[in-house]
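Below: the structure, in structure tokens.
The values are calculated or read from the model by the stated rules, or taken from the named source; none is laboratory data. Here the structure is a predicted model, which is why all the values come from computation and not from measurement. Every residue, glycine among them, receives a Cβ derived from its backbone with ideal geometry; neighbour counts consider all protein chains shown. In case anyone asks, the SASA skips ligands and DNA or RNA and just uses the protein heavy atoms, side chains included. Shrake-Rupley method; radii C 1.70, N 1.55, O 1.52, S 1.80 Å.
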Amino acid sequence: MTVIVTGGAGFIGSNFIFHMLSAHPEDRIVCADKLTYAGNLSTLRPVMEESSFRFVKLDICDRAGVYALFEEEKPDAVVNFAAESHVDRSIEDPGVFLRTNIIGTGVLMDACREFGIGRFHQVGTDEVYGDLPLDRSDLLFTEETPLRASSPYSASKAGADLLVMAYHRTYGLPVTLSRCSNNYGPYQFPEKLIPLMIANCLNDKPLPVYGEGKNVRDWLYVEDHCRAVDLVLRKGREGECYNIGGHNEMHNIDIVKLICAELGKPESLITFVTDRKGHDQRYAIDPAKIRRELGWTPETGFQDGLRKTIRWYLDNRSWWEEIISGEYQSYYQRMYGGR
Ligand code: NAD
Ligand code: TYD
């Protein structure tokens, strides 16, 4: 089949493309990506020449461009990773999050209706459920947990999720939706916690921990997420949502200390900075449905995954050094200077 993967020059989308090309060599993968600050064509260099792969620079909000691509490729399926994805940026400037995450998703689904499609899969986040208290480890997000987004980012993703389910109910569009917990692994943009701390550690720069570092995130190695999305795409039931996570809750401060230990850097680099506005306390996914229905379980434990990730950033310094030498510097100054 031909699969359009949007946002495939970003972190999870690129890992998904690598997974698909190796797991399903019979499929054709067409990556459509606007190449925002978060998209990086050099990430896709290893597959650029493959005959079953095509890259198209495209904004998912560009209706004429999206329709032209569908006309040309006649895709069997679409997997939508394209999004503005960073909470701190959404607090600074929400508008582009509403545009790409909600309007863009709508444009893609309109094209799916117009040209006919076997499956539209929306890549969602557990952040749409809001947060859980730190002292209630018995509580987990299930697919039935009400949406209660806290940030402009998560609210825009919740809007997209609602639209996806509405297109299923109203037009019968064959959709699936997955909501994953925090990912980590190769090719993650160094604005997110783990790669930012690795890069700063390697440059002996302060490690800015928000608040007291007690917030909890539920971490999943990116390849496990990619396998799960592939499984939902092929075997998931139409109109259903699947939570993806591996029961791996960690306090932020413990992750930063682990990174220091792995890199042999002193914990004195840790600097507590002003907390994020509206900072979600804890995320924790109940993945029982995807395990029960599709037999998915994570394969990479956290310690192993973190070591592999750190190794990747050590071995691929030019990938992230190029990023942090550009516009990133002014982002960093805006976000962390005087915090
Ligand atoms: P990312 O920011 O690394 O990549 C986003 C990609 O989308 C970039 O390549 C960017 O160029 C592209 N893009 C942005 N706007 C676009 C537009 N208008 N048209 C076309 N392309 C556009 O994000 P990521 O971390 O890889 O996340 C991918 C998806 O997974 C997002 O939908 C995100 O909400 C979701 N998600 C992420 C996580 C996580 O931990 N990173 C967890 C759960 C879900
Ligand atoms: P992040 O990687 O931005 O993911 P999200 O907010 O979408 O879960 O942040 C993960 C956690 O790490 C979150 O609680 C905020 C915190 N954090 C810091 O303490 N310092 C930082 O510099 C960053 C980027 C995040």
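Observations, loosely collected:
- Debye intensity ratio in log₁₀ form over the Cα atoms of the chain, taken at each q of 0.09, 0.11, 0.15, 0.16 Å⁻¹: -0.45, -0.69, -1.36, -1.56
- 10 Å binning of all Cα-Cα separations within the stretch 102-164, expressed as whole percents from 0 upward: 20, 42, 25, 10, 3
- Relative contact order [Cα under 8 Å, 6+ residues apart], the stretch 146-269, whole percent: 33 percent
- Dipole magnitude for the stretch 1-106: about 80 debye, using +1 per Lys or Arg Cβ and -1 per Asp or Glu Cβ, origin at the Cα centre.
- Cα-based helix-to-principal-axis angle, 105-115 vs the chain, degrees rounded to 10: 20 degrees
- Largest to smallest accessible area among Ser268, Ser150 [probe 1.4 Å]: Ser268, Ser150
- Rounded to the nearest 0.05, the FRET efficiency derived from the C-beta distance between Arg99 and Leu134 at R0 = 41 Å is 0.75.
- Sorting 68-79, 20-31, 223-234, 94-105 by their mean Cβ neighbour count within 10 Å, with the most densely packed peptide first, gives 223-234, 94-105, 68-79, 20-31.
- MRE, 222 nm, helices only [DSSP H, n ≥ 4, -39500 (n - 2.57), over the chain, to nearest 500]: -12000 deg cm²/dmol
- The residues of the stretch 1-78 have, on average, 41 Å² of accessible surface per residue, using a 1.4 Å probe with all protein chains present.
- Across the stretch 1-148, the relative contact order, built from alpha-carbon pairs under 8 Å that are at least six residues apart, equals 23 percent.
- Solvent-accessible heavy-atom area per residue, rounded to whole Å², over the stretch 250-333 at 1.4 Å: 52 Å²
- Share of carbon and sulfur in the accessible heavy-atom surface of the chain [1.4 Å probe, %]: 50 percent
- Across the stretch 48-54, rounded Karplus estimates of 3J(HN,Hα) from the backbone phi angles (6.51 cos²θ - 1.76 cosθ + 1.60, θ = phi - 60°) give 4, 8, 5, 5, 8, 10, 9 Hz, Gly and Pro being marked x.
- Within the same chain, lysines fewer than 8 places from Lys277 are excluded, and of the rest, those with a Cα less than 27 Å from its Cα are Lys157, Lys192, Lys205, Lys214, Lys257.
- For His19, net neighbour charge (Lys/Arg +1, Asp/Glu -1) across residues whose Cβ lies under 9 Å away: -1
- Within-11-Å neighbourhood charge of Asp59 [Cβ basis; K, R +1; D, E -1]: +2
- Rounded if a/c under 1.5, otherwise prolate or oblate - the stretch 12-114, Cα gyration tensor axes: oblate
- Taking all Cα pairs closer than 8 Å and separated by 6 or more residues, the relative contact order of the chain comes to 17 percent.
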